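Asker: Have a look at the structure that comes next, please.
The values are calculated or read from the model by the stated rules, or taken from the named source; none is laboratory data. Computed from a predicted model, the values in this text were never measured in an experiment. Here the Cβ positions follow ideal geometry from the backbone for every residue, glycine too, while neighbour counts run over all protein chains shown. Side chains included, ligands, DNA and RNA excluded: accessible areas come from the protein's heavy atoms. Shrake-Rupley method; radii C 1.70, N 1.55, O 1.52, S 1.80 Å.
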Amino acid sequence: MIDGWTDDHLAAFDRDGFLIVEEGFIDDAAVELMRERFDRLFAGDYATGIRPDEVNWVAGRDPEDRARQVLAERTGRLAAELMRWDGVRILQDNCIWKPPKTKSLGMHQDGAYLDYLVPPEMITCWIALDDTSAEAGTITYARGSHHWPRSEENRSEFHAPADWLAPIERAAPAGEAAELVPIGVKAGGASFHHHLTFHGSGPNTASIHRRAVISHLLPAGVEFHPEHADPVYSRYRRRDDMSLDESYFPIVWTKDGRRSAWLDAEVSRAA
């Protein structure tokens, strides 16, 4: 299980905009526990009794060919090291489920949707719960695209677009072709990507399911923008106080050892 980065890891992330851990980022027991929760979660059985902010697929409501999405200290520390931050907090966790024959998720930059934060920065940790391949609609990165200009917000081409690669074809600088890298890892493998790295996933044409847990992580000291708003997360912005409430956006790691107290309480309760 990886516990730190080498200079080569850091250089690869800076160059490519992503870093892959092919296997063993989480152990088999953790993979199995997360798989067991998926059916209940997508059936609407939420442990807190509260519906998540974003539920993009509901049984009986949405087409079966749509990707199913619901919105550790070690993960936080590793993410912070890649971004050269002094600390990390969670913005949101996502669960993605792509059964066979589900359609694509359009290429996009997470950074196009971060104007409601100061600074508008993020790193994403993607953890596979099934072995992945290009045929199974795995996450795909455009190598080095975090060096491209930031794209405009475009929510209309995200879920099951007619052409999932169209956004990157428009965004590539003149004379530069996108180098697409589909991520093939074992269950328990992972990847980290920069908020300006273009990514998406093609249709699942294989006979296997693809499930993943995704953590979107922010600098620990991030604040809400006083004017720009996100349609979901700005509802947590308080009057005359732009700080992010640790009840909803907990700090998972800082260089000086600070961490939201309730996280450790939850870990102890679950143990």
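Asker: Checking the conditions here, which among Arg89, Arg15, Arg84 is basic (Lys, Arg), under 17 Å from the mean Cα position of the chain (by Cα), at pLDDT 90 or above and more than 20 Å from Gly188 (Cα to Cα)? Lay out the reasoning, then the answer.
Answerer: Working: Arg15 fails: under 17 Å from the mean Cα position of the chain (by Cα); Arg84 fails: under 17 Å from the mean Cα position of the chain (by Cα).
Going through Arg89, Arg15, Arg84 in turn, just one is basic (Lys, Arg), under 17 Å from the mean Cα position of the chain (by Cα), at pLDDT 90 or above and more than 20 Å from Gly188 (Cα to Cα): Arg89.
Asker: Return yes when Ala134 is open to solvent by 40 Å² or more (accessible area, probe 1.4 Å) and either farther than 28 Å from Thr254 by Cβ or modelled with pLDDT under 90 (or both) and no when it is not.
Answerer: Working: open to solvent by 40 Å² or more (accessible area, probe 1.4 Å): yes; either farther than 28 Å from Thr254 by Cβ or modelled with pLDDT under 90 (or both): yes.
Taking the combined requirement at face value, the residue satisfies it.
Asker: Quick check: anything in the stretch 207-218 farther than 22 Å from Cys125 by Cα and not hydroxyl-bearing (Ser, Thr, Tyr)?
Answerer: Within the stretch 207-218, one or more residues are farther than 22 Å from Cys125 by Cα and not hydroxyl-bearing (Ser, Thr, Tyr).
Asker: While we're looking at this one, here's another question. With the structure loaded, tell me whether Ser151 is touching a helix residue (DSSP H, G or I) at 6+ places or on another chain (Cβ under 6 Å) and open to solvent by less than 50 Å² (accessible area, probe 1.4 Å) or whether it fails that test.
Answerer: When the stated conditions are applied, Ser151 passes them.
Asker: So Ala47 passes all but one of these: (1) at pLDDT 85 or above; (2) in a loop (DSSP other than H, G, I, E, B); (3) more than 19 Å from the chain's Cα centre (by Cα). Which condition number does it fail?
Answerer: Every listed condition holds for Ala47 apart from (1).
Asker: While we're looking at this one, here's another question. All but one of (1) under 21 Å from Glu169 (Cβ atoms); (2) in a strand (DSSP E or B) hold for Thr197, so report the exception by its number.
Answerer: Of the numbered conditions (1) under 21 Å from Glu169 (Cβ atoms); (2) in a strand (DSSP E or B), the odd one out for Thr197 is (2).
Asker: Applying the selection to the stretch 101-142, what residues are closer than 15 Å to Ala172 by Cβ and more than 17 Å from the chain's Cα centre (by Cα)?
Answerer: Answer for the stretch 101-142, where residues must be closer than 15 Å to Ala172 by Cβ and more than 17 Å from the chain's Cα centre (by Cα): there is none.
Asker: Can we say Gly111 is open to solvent by less than 40 Å² (accessible area, probe 1.4 Å), assigned to a helix (DSSP H, G or I) and in contact with a Lys or Arg (Cβ under 8 Å, 6 or more places away or on another chain)?
Answerer: In short, yes.
Asker: Need pairs with beta-carbon distance below 6 Å; first residue farther than 21 Å from Arg155 by Cβ and within the stretch 197-226, second aromatic (Phe, Trp, Tyr) and open to solvent by 10 Å² or more (accessible area, probe 1.4 Å); sequence gap 6+ or separate chains.
Answerer: Close Cβ pairs satisfying both conditions: Arg211/Trp97; Pro219/Trp85.
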